[in-house]
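Notes follow the structure.
A short reminder: the numbers here are calculations on the coordinates, not readings from a lab. Every value quoted in this text rests on a predicted model; they were computed, and no experiment measured them. Every residue, glycine as well, gets a Cβ built from its backbone with ideal geometry; the counts of neighbours run over all protein chains shown.
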Amino acid sequence: DWTPASFVESTVAELKAQLGDDKVILALSGGVDSSVTAVLLNQAIGKNLTCVFVDHGLLRKGEFERVLKDYEHLGLNVIGVDAKERFYKALAGVSDPEQKRKIIGKGFIDVFDEEAHKLKDIKWLGQGTIYPDIIESLSITGTVIKSHHNVGGLPEKMNLKLVEPLRLLFKDEVRRVGLEMNMMEHLIKRHPFPGPGLGIRVLGDITPEKVEILQNADDIYMRMLNEYHLYDQVWQAGAILLPVKSVGVMGDERTYEFTIALRAVTSTDAMTADWAHLPYEFLAKVSNEIINKVKGVNRVVYDISSKPPATIEWE
Ligand code: XMP
């Protein structure tokens, strides 16, 4: 029978046999899958694993620093790369969602490739691919949304072999494996977060100023979801910065500022999703807090669309 403990034991043994003294490189995203993959590989081959964690400037507020610390705490050999400026530059003036995805995906591969070339004798690329990712990329009808996330194209380019220890697992099994290896709960219970990050939650063109506004609003939303014990009850949540300004009033001043949309959904696989029926009082508090604290925002709305026909992300 499958248990997290037996999976860890047999997988670590298999990885040891498969990899021997070979060196492996892996891109960490801050998400559950890549993190669990890293810890498994670390148990098998230790310092022969090098992890690269890229800050594309589109992560949640404080996320890069927080997660990097977690990774170090887990004993991972991790290189943090600050590539914010480079991504902002490449994205300047671009507003088409697919174009933004392509730019972010390519930027990510370029940075990772550069880091990999600084290292010697790398033979393998570790990836946090899980079973649904494989199904998704095989399906003809489903749109392939995660191609860049798993650094597609890199293995051929760099002549690397792929090692994907989670390829037969579902998300809940990955989480159980992570807990079995004593990984922090907050890392394991983290909501899914798209590879292009806030890049597809700042609707339209991206500027560092807009990213900062969104990070501040999103941070309040995430904190309060945790405070009110609602975080674990939804599949995924986040704030979106709409490219819409509207009129408001502050004191006796007229304001003309951005609108934030809040999104929270329940789901089991992200293929279909229902909008989460968060309590009114909670939404009222979040809205007040965002409008009072985040400069540049004077209006908050809640997304009550389900998937299909809406998608979870707005872009
Ligand atoms: P949608 O918006 O298609 O999202 O309902 C379904 C799930 O996929 C995530 N998502 C992405 N993940 N790169 C990713 O790695 C992407 O470009 C991307 N677009 C959407 C989304 O957050 C949700 O979990």
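Data table
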item	result
In order through the range 297-310: 3J(HN,Hα) via Karplus (6.51 cos²θ - 1.76 cosθ + 1.60), integer Hz, x for Gly, Pro	10, 10, 8, 10, 10, 10, 7, 10, 9, 9, 10, x, x, 6
Virtual spin-label span in nm between residue 226 and residue 65, 7 Å along Cα→Cβ	1.4
Cut-off 12 Å between beta-carbons: net charge of the residues surrounding residue 41, Lys and Arg +1, Asp and Glu -1	0
Where the Cα pairs of the range 201-302 fall when distances are cut into 10 Å bins, in %	15, 46, 31, 7, 1
Highest to lowest packing among 284-296, 166-178, scored as the average C-beta count within 10 Å	166-178, 284-296
Inter-probe distance in nm under a simple model that places probes 7 Å from Cα toward Cβ, at residue 167 and residue 277	4.3
Computed magnitude of the charge dipole of the chain (debye, nearest 20; Cβ of K, R +1, Cβ of D, E -1)	460
For the range 53-70, 3J(HN,Hα) per residue [Karplus equation, 6.51 cos²θ - 1.76 cosθ + 1.60, θ = phi - 60°, Hz, x = Gly/Pro]	10, 9, 9, 8, x, 10, 8, 5, 4, x, 4, 4, 5, 4, 6, 4, 4, 4
Charge dipole of the range 1-94 about the Cα centre (unit charges at C-beta), most positive-ward option of 2, 32, 81	81
Rounded, prolate or oblate (a/c below 1.5 giving rounded, otherwise prolate when a/b exceeds b/c) for the range 4-113 by Cα gyration tensor	prolate
Antiparallel DSSP beta bridges within the chain, as percent of all bridges there, nearest 5	40
Karplus 3J(HN,Hα) series, Hz, for the range 231-244 with 6.51 cos²θ - 1.76 cosθ + 1.60 (x for Gly, Pro)	4, 6, 8, 10, 6, 6, 8, x, 9, 10, 9, 7, x, 10
Stokes-Einstein diffusion coefficient of the range 4-188, Kirkwood radius over Cα pairs, 20 °C, 1.002 mPa s, in µm²/s	126
Label-to-label distance, nm, for residues given as residue 293 and residue 307 (7 Å Cα→Cβ offset)	2.7
5 angstrom amide H check on residue 79, placed H, neighbours 5+ away	51, 52, 53
Total charge dipole magnitude, the range 201-302, about the Cα centre, Cβ charges on Lys, Arg, Asp, Glu only, Debye to nearest 20	220
Nearest-0.05 FRET efficiency for residue 186 and residue 250, computed from C-beta distance (R0 51 Å)	0.90
Built amide H within the under 5 Å cut-off of residue 255, gap 5+	248, 249, 250
